[in-house]
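Before any comments, here is the structure.
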Amino acid sequence: MGRVSGRSCIVTGAARGIGRAIGEALLDEGADVCFADINGALADEVAAANAARARAGGGRVIGAAVDVAERAQVCAMIDKAVAAFGKIDVKFNNAGVNKPMNFLDVTEENWNFIMRVNGLGCLIGMQEAARQFIRQGTPGKIVNTASIASRQGFDNVAPYCASKFGVVALTQSAARDLARHDITVTGFAPGVVATEMWEEVDRDLLAIGAAQRPGQAMAEFAADILRGRVATPADITGTTTFLASRDSDYMTGQIVMIDGGMTLV
């Protein structure tokens, strides 16, 4: 019997990286999982690739297309998951974007692009998941992806830091408001994780002159990791599965740091 057997989960930003790893770990522990992503075709591919994993764990799997900052699309994604699974129990608001720029070069376009997905997308995702839990008359769990950048500001990624500070504030605000509905709201804060997103950040830092060679940014960040290495997605999923499970039912309003000891708070 898996830790999340019988639980139906949605994970956004799930076509790659941390999101995909979260969904696959949930399948291994018996959950039904909707892999949702703005790239709907890739989300469907990931779901199909995990069909055998779902059967082995005793759950079901689907893919869904969603722009997390478009409320109608978020509602449609939730409706699709409910139609497939009968209900939802856990909603991971994991989709996120970053586009490094030197502080004095940050534009309104850059700010709005990042805030739209990381801030507004998180808010809408929490609201619509909560509304579904309330309609069902069941407890629910909302889990948000924060970052080490939610605990301190870093140069070259000011809007991203602001958006992730916002995720912490939204987590706390929602936890207070939704407790009366038996809905918990938590989050986790990864550090440097070897994913496609970090590869993109590395290229962007090179392009703006904030790094001089490929891999430099990750290497410099890694130097401050007490565990001595960058994370892999598998380093994150023990915590995310815990947050989706009954083991974390008494937790709410908290952000769990999973950064190898980069940021001690």
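The values are calculated or read from the model by the stated rules, or taken from the named source; none is laboratory data. Remember, predicted model here, so these are calculated numbers, not experimental data. Cβ atoms come from the backbone with ideal geometry, glycine included; neighbour counts cover every protein chain shown.
Observations, loosely collected:
- Test: residue in region 171-188 that is more than 21 Å from residue 11 (Cα to Cα) and either at pLDDT below 95 or not in a helix (DSSP H, G or I) (or both): no
- Hey, residue 128 without any contact (Cβ under 8 Å) to a residue 12 or more places away in the chain and of a type in the set (D, E, K, R) or not: no
- Sub-8 Å Cβ pairs linking a first residue in region 54-78 that is touching a residue at least 24 places away in the same chain (Cβ under 8 Å) to a second residue that is basic (Lys, Arg) and in a helix (DSSP H, G or I), at least 6 apart or interchain, are 61/53; 62/80; 64/80; 69/116, ordered by first then second residue.
- Qualifying position, being out of contact with any strand residue (DSSP E or B) (no Cβ under 6 Å at 6 or more places or on another chain) and small (Gly, Ala, Ser), among 231, 222, 175, 244: 222
- Test result for residue 193, within 25 Å of residue 33 (Cβ to Cβ) and touching a strand residue (DSSP E or B) at 6+ places or on another chain (Cβ under 8 Å): yes
- Residues (farther than 23 Å from residue 15 by Cα and touching a Leu at 6+ places or on another chain (Cβ under 9 Å)) located in region 87-133: 130, 133
- Residue check, residue 3 basic (Lys, Arg), surrounded by fewer than 24 Cβ atoms within 10 Å (Cβ to Cβ) and more than 19 Å from residue 145 (Cα to Cα): yes
- Considering 114, 88, 124, the condition of being among the β-branched types (Val, Ile, Thr) and closer than 18 Å to residue 7 by Cβ is satisfied by 88 alone.
So that you can scan it fast, the table gives a plain yes or no per residue for (1) crowded, with 24+ Cβ neighbours inside 10 Å; (2) among the polar types (S, T, N, Q); (3) at pLDDT 95 or above:
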| residue | (1), (2), (3) |
| --- | --- |
| 10 | yes, no, yes |
| 14 | yes, no, yes |
| 19 | yes, no, yes |
| 31 | yes, no, yes |
| 35 | yes, no, yes |
| 42 | no, no, yes |
| 45 | no, no, yes |
| 50 | no, yes, yes |
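- Residues of region 130-184 that turn out to be aliphatic (A, V, I, L, M) and more than 19 Å from the chain's Cα centre (by Cα), as a count: 4
- Any hit, region 191-209, residues being surrounded by 18 or more Cβ atoms within 10 Å (Cβ to Cβ), under 30 Å from residue 132 (Cβ atoms) and either modelled with pLDDT of 90 or more or not charged (D, E, K, R) (or both): yes
- Considering region 97-123, and only residues there that are among the polar types (S, T, N, Q) and part of a helix (DSSP H, G or I), the residue that is nearest to residue 156 (Cα to Cα) turns out to be 110.
- Selection status of residue 134, surrounded by 18 or more Cβ atoms within 10 Å (Cβ to Cβ), assigned to a helix (DSSP H, G or I) and out of contact with any Lys or Arg (no Cβ under 6 Å at 6 or more places or on another chain): no
- Unmet criterion (only one of (1) part of a loop (DSSP other than H, G, I, E, B); (2) surrounded by 13 or more Cβ atoms within 10 Å (Cβ to Cβ)) for residue 250: (2)
- Check on residue 70, surrounded by 22 or more Cβ atoms within 10 Å (Cβ to Cβ) and either closer than 17 Å to residue 144 by Cβ or within 18 Å of the chain's Cα centre (by Cα) (or both): no
- Filtered residue count, region 140-157, keeping only those that are assigned to a loop (DSSP other than H, G, I, E, B) and without any contact (Cβ under 8 Å) to a residue 60 or more places away in the chain: 6
- Filtering region 208-226 to residues that are within 12 Å of residue 192 (Cβ to Cβ), in contact with a helix residue (DSSP H, G or I) (Cβ under 9 Å, 6 or more places away or on another chain) and in a loop (DSSP other than H, G, I, E, B) leaves only 215.
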